[in-house]
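S.K.: Here it is, the structure, as structure tokens.
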Amino acid sequence: MMPEAYNPPAPGWREWLLTERPASRRQARLGRAYASWTRFASNRLALVGLAILVLLLLVAVFAGLIAPDSPVVGGDLRTARLLPPSAAHVFGTDDQGRDIFSRIVFGSRLTLMIVFLVAIIAAPVGLLMGTVAGYAGGWVDATLMRITDIFLSFPKLVLALAFVAALGPGIENAVLAIAITSWPPYARIARAETLAIRNSDFIAAVQLMGASPVRIVLRHVVPLCLSSLIIRVTLDMAGIILTAAGLGFLGLGAQPPSPEWGAMIADGRRFVLDQWWVAAAPGAAIFIVSLAFNLLGDGLRDALDTRG
Amino acid sequence: MSLTANAGGRSGARLKGFGKAASRLLISIVLTYAGLLAVTFFIGRVVPIDPVLAIVGDRAPANVVERTRQELGLDKPLYEQFVMYVAKAVKGDFGTSVLTSNPVIQDLKSATPATLELALAGTLLGTGIGVPLGIIAAVRRGSLVDQLVRVVGLVGYSVPIFWLGLMGLVLFYARLGWVPGPGRIDIAYEFTVERQTGFMLLDTALQGQWDAFVDVLRHLILPAALLGYFSMAYISRMTRSFMLTELSREYVVAARAKGVGEFRIIWRHALRNALVPLVTVIALSLAGLLEGSVLTETIFSWPGLGLYITNSLQNADLNAVLGGTIVVGSMFIALNLLSDLLYSILDPRTRAR
């Protein structure tokens, strides 16, 4: 597979990965990935964050197997209502007699879905705005960045509230509202990266070979913006989860009986002074997951962003 | 002041630079407000399928629907509607609230002081604790205080504010009984305090009702501590990083070499330079608290803008929601611009050229 002349295959895979003179693109890429990984893995807190998120993913996938009860069908309202935590119901039951643990387990799917949807809507929009503005320059840049600045100077949550008020409550509209309010930072980052790349020699070379601006932006600029964008999106995930939970708490996100964590806290709010566990458990779940995203984001920033 | 102290030629150039900066600021204010109005217009008139129904609700009688339709000018083209909308909004006419049947602007006026009082108290707490904490963390890197700042920051960025508020109520109100429950003032005092400024602490103090003052303070402490925590998380982290930057500068080395005491270096030399970006951070954190107050006020039944917006939301009162959005948005924009302005006033280097 590899030409033997310059670089005889090293005895171990580590040496192969860390070699100073990679013989193929694949080896270079894998080697770089491995170096990033070792830097990332040396950050123990980031690993904890990653582990929590992997666990969350597994819980979401196998929710049906893990949850002992149904997330929406309640138990006997005379005997199973608002029970404190016990062996049968680890986190107790809510006012419909539903097992809170099961609801949280199923709610992980909603949380992941919201985060995923917002990321795949907002990140490409911001990326496109930023790279186009940065590469085109001139009035295109001025206009796009002015729009970005205007959106940046709005209060995110209040704007999202207003959007949901107009669109009507519901999880899809909440996702849309959050996405609409969260793309501007991505545009800023992508523009800054593009400005740094725009005048480099390899772009000049591609221009000389006659590549169209669209091709240059999509094939040469966008890939180089990705790593800083991924870091920023990961760091934003916690904020997205908190905003989504806030909307759910205000009754504007997922509608009952869906086990969205923010909406569950709103349910539990009515009895919080006596039956605190109804609101406590979903809030703790939100806290742990956004903490994990923050830890992971910090770790990724340290590992991928070599410029410091 | 510094302008007059300068020699003629330089002061002229500086004045010109300042005028340029001021006009740029003015343009950005106008554009940003236009953007805010455009977005709220879009939300209010374009997104809903029938804006009239969205405003008056679907149980409104037919003549109300018809009148509203004419008032909104929905028969006119969209750009004309927008001009009308802006003209009204500039005059402070956001329509009538369906829920309270008052003009929205009147509701907003009475709700704003409550939010400001809460957000200012939160910022005061956050700054008072966050700045010293950040300085100590920067001076003693890796120490217990440094770790604490890190943890406080991580928790602050990860915890849902409304959940923390609820748990605070459970612990300090229901279990320990240290603080009174939700609300801004006890019923016993509610009608004895005359409304002057709308800031309860100020009103009670002005009227010399010290019992009521203490009661207001007791009501304020938990929500303000909650907002203060988030403000502290942000401010202490930023203080730490600003101080670290300043402490590694050459003038600090020079001061040390001259034998200046460490205390003096930290509090007089480094802090004064770190203060410049810090002031803007504090202004930004106040803006953040305005937003955080939406959820906090809901938890503590605090009669401010946030509670007004969420109550209106739950009753599909779009006029009120949009009016509230514009007011919160305006304050947010104003604080953002203020922080820019403060930066250029406090840091002479940004004024140069």
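S.K.: Find the centroid of the Cα atoms in region B:34-50 and in region A:271-290, then give the distance between the two in whole Å.
M.R.: The two parts, judged by their Cα centres, are 36 Å apart.
S.K.: Helix A:25-41 against the longest principal axis of chain A: what's the angle in degrees, Cα atoms only, rounded to the nearest 10?
M.R.: So the inclination is approximately 40 degrees.
S.K.: If you take the square roots of the eigenvalues of the alpha-carbon gyration tensor of chain B and sort them as a ≥ b ≥ c, do you get rounded (a/c under 1.5), prolate (a/b over b/c) or oblate? Please list the in-between numbers first.
M.R.: Working: a/c = 2.27, a/b = 1.37, b/c = 1.66.
Because a/c hits 1.5 or more and a/b fails to exceed b/c, chain B counts as oblate.
S.K.: Let me ask something else. Give me the percent of the accessible area of region A:174-274 that comes from carbon and sulfur atoms, probe 1.4 Å, all protein chains in place.
M.R.: That share works out to 62 percent.
S.K.: Near the amide H of B:T96, under 5 Å away, which other amide H atoms are found, from residues 5 or more places off or on another chain, if H is placed in the peptide plane?
M.R.: B:V104
S.K.: Based on a Kirkwood Rh over C-alpha pairs, give the Stokes-Einstein translational diffusion coefficient of region B:194-319 at 10 °C and viscosity 1.306 mPa s in µm²/s.
M.R.: Details: Rh = 18.0 Å.
Here the translational diffusion coefficient equals 88 µm²/s.
S.K.: With solvent modelled as a 1.4 Å probe, how much accessible area in total do chains B and A shield from it at their shared surface, in Å² to the nearest 100?
M.R.: Numbers: alone 19600 and 16550 Å², together 32440 Å².
Using a 1.4 Å probe on protein heavy atoms, the buried area is about 3700 Å².
S.K.: Probe of 1.4 angstrom, ligands and nucleic acids ignored: what's the accessible area per residue over region B:194-353, in square angstrom? If you can, show how the numbers build up before the last one.
M.R.: Working: 6980 Å² over 160 residues.
Accessible surface, normalised per residue, equals 44 Å².
S.K.: Using helices alone, I'd like the mean residue ellipticity at 222 nm for chain B: each DSSP H run of four-plus residues gives -39500 (n - 2.57), total over residue count, nearest 500. Please list the in-between numbers first.
M.R.: Details: 16 runs with 257 residues, N = 353.
When only DSSP H runs of four or more count, the value is -24000 deg cm²/dmol.
S.K.: For chain A, what does the alpha-carbon gyration tensor say about shape, rounded, prolate or oblate, given a ≥ b ≥ c as the root eigenvalues, a/c under 1.5 as rounded, and a/b over b/c as prolate?
M.R.: Working: a/c = 3.21, a/b = 1.57, b/c = 2.05.
Oblate is the answer for chain A, as a/c is 1.5 or above yet b/c matches or exceeds a/b.
S.K.: Another question about this same structure. Please give the FRET efficiency for B:R256 paired with B:I345, using the beta carbon to beta carbon distance and R0 = 25 Å, rounded to the nearest 0.05. Provide the component values of the computation, followed by the final result.
M.R.: On the way: r = 30 Å, r/R0 = 1.20.
The computed FRET efficiency comes out at 0.25.
S.K.: B:K76: which lysines have alpha carbons under 17 Å from its alpha carbon, excluding same-chain residues fewer than 8 sequence positions away?
M.R.: Within the straight-line limit of under 17 Å, B:K76 reaches these lysines: B:K88.
S.K.: Can you give me the three principal axis dimensions of the protein assembly as shown from its C-alpha atoms, in Å, biggest first?
M.R.: Between the extreme Cα coordinates on each principal axis of the protein assembly as shown lie 87, 80, 65 Å.
S.K.: Each residue of region B:250-256 in turn: what ³J(HN,Hα) in whole Hz from Karplus with 6.51, -1.76, 1.60 and θ = phi - 60°, glycine and Pro shown as x?
M.R.: Rounded to whole hertz, the list is 6, 5, 5, 4, 4, 4, 4.
S.K.: Please report the carbon-and-sulfur percent of the accessible area for chain B; probe 1.4 Å, protein heavy atoms only, DNA, RNA and ligands left out. If you can, show how the numbers build up before the last one.
M.R.: Working: 11440 of 17730 Å².
Heavy-atom surface of chain B belonging to carbon and sulfur, 1.4 Å probe: 65 percent.
S.K.: If each DSSP helix of 4+ residues adds -39,500 (n - 2.57) and the sum is divided by the residues in chain A, what number results at 222 nm, nearest 500 deg cm²/dmol?
M.R.: About -22500 deg cm²/dmol.
S.K.: Using a 1.4 angstrom probe with every protein chain in place, what is the largest-first accessible-area order of A:R215, B:R24, B:R69? Mind dumping the intermediate values first?
M.R.: Working: A:R215 115, B:R24 155, B:R69 80 Å².
Solvent-accessible surface, decreasing: B:R24, A:R215, B:R69.
S.K.: Still on this structure, please answer the following. Quick one: Cα centre-to-centre distance for region B:290-346 and region A:177-196, in angstrom?
M.R.: Here the two parts' Cα centres lie 24 Å apart.
S.K.: Check cross-link reach from B:K91 to the lysines: straight Cα distance under 18 Å, and skip same-chain residues fewer than eight apart.
M.R.: Leaving aside lysines fewer than 8 places away in the same chain, those within reach of B:K91 are B:K109.
S.K.: Give the angle, between 0 and 90 degrees and rounded to the nearest 10, that separates the Cα long axis of helix A:44-61 from the longest principal axis of the Cα atoms of chain A.
M.R.: It is inclined by approximately 60 degrees.
S.K.: How much accessible area does B:K88 have with a 1.4 Å probe, in Å² rounded to the nearest 10?
M.R.: For B:K88, the solvent-accessible surface is approximately 80 Å².
S.K.: Are there any residues in region A:248-274 with a reduction of at least 20 Å² in accessible surface when going from the isolated chain to the assembly of protein chains? Probe 1.4 Å, please list them by number.
M.R.: Checking the loss per residue gives A:F249, A:L250, A:L252, A:I265, A:R269, A:V272, A:L273.
S.K.: Then there's this: Can you tell me which of B:A254, B:A87, B:A225 moves the most in a GNM of chain B? Springs connect C-alpha atoms under 10 Å apart.
M.R.: Looking only at B:A254, B:A87, B:A225, the biggest GNM fluctuation is shown by B:A254.
S.K.: Can you tell which of B:I129, B:I309, B:I27 shows the greatest fluctuation in a Gaussian network model of chain B with Cα springs below 10 Å?
M.R.: B:I27
S.K.: Report, in degrees rounded to the nearest 10, the 0 to 90 angle that the Cα long axis of helix A:138-152 makes with the longest principal axis of chain A.
M.R.: 20 degrees
S.K.: With the crude spin-label approximation of a point 7 Å out along Cα→Cβ, what separation in nm comes out for B:S143 versus B:L78?
M.R.: Modelled inter-label distance: 6.0 nm.
S.K.: Build a GNM of chain A with springs between Cα atoms under 10 Å: which of A:L157, A:L58, A:L127 gets the top mean-square fluctuation?
M.R.: Evaluated over chain A, the most mobile residue of the options is A:L58.
S.K.: Still on this structure: Starting from the Cα-Cα distance between A:A35 and A:L273, subtract it from 0.36 nm times their residue separation and give me the gain in nm to one decimal.
M.R.: Residue separation times 0.36 nm, minus the Cα-Cα distance, leaves 80.6 nm.
S.K.: Shifting gears a bit: Roll a 1.4 Å probe over the protein chains and send me the accessible area per residue for region A:49-304 in Å².
M.R.: Details: 10430 Å² over 256 residues.
Accessible area per residue, region A:49-304: 41 Å².
S.K.: State the answer as a single residue: which of A:W277, A:G262, A:T181 lies farthest towards the positive end of the charge dipole of region A:49-304, with beta carbon charges of +1 for Lys and Arg and -1 for Asp and Glu, about the Cα centre.
M.R.: Selected residue: A:T181.
The values are calculated or read from the model by the stated rules, or taken from the named source; none is laboratory data. Given the structure is predicted, the values throughout are model-derived calculations rather than measurements. Here Cβ is always computed from backbone atoms with ideal geometry, including for glycine, and neighbour counts include all displayed protein chains. When the accessible area is computed, the model is the full protein with side chains, heavy atoms only, and any ligands, DNA or RNA have been set aside. Shrake-Rupley method; radii C 1.70, N 1.55, O 1.52, S 1.80 Å.
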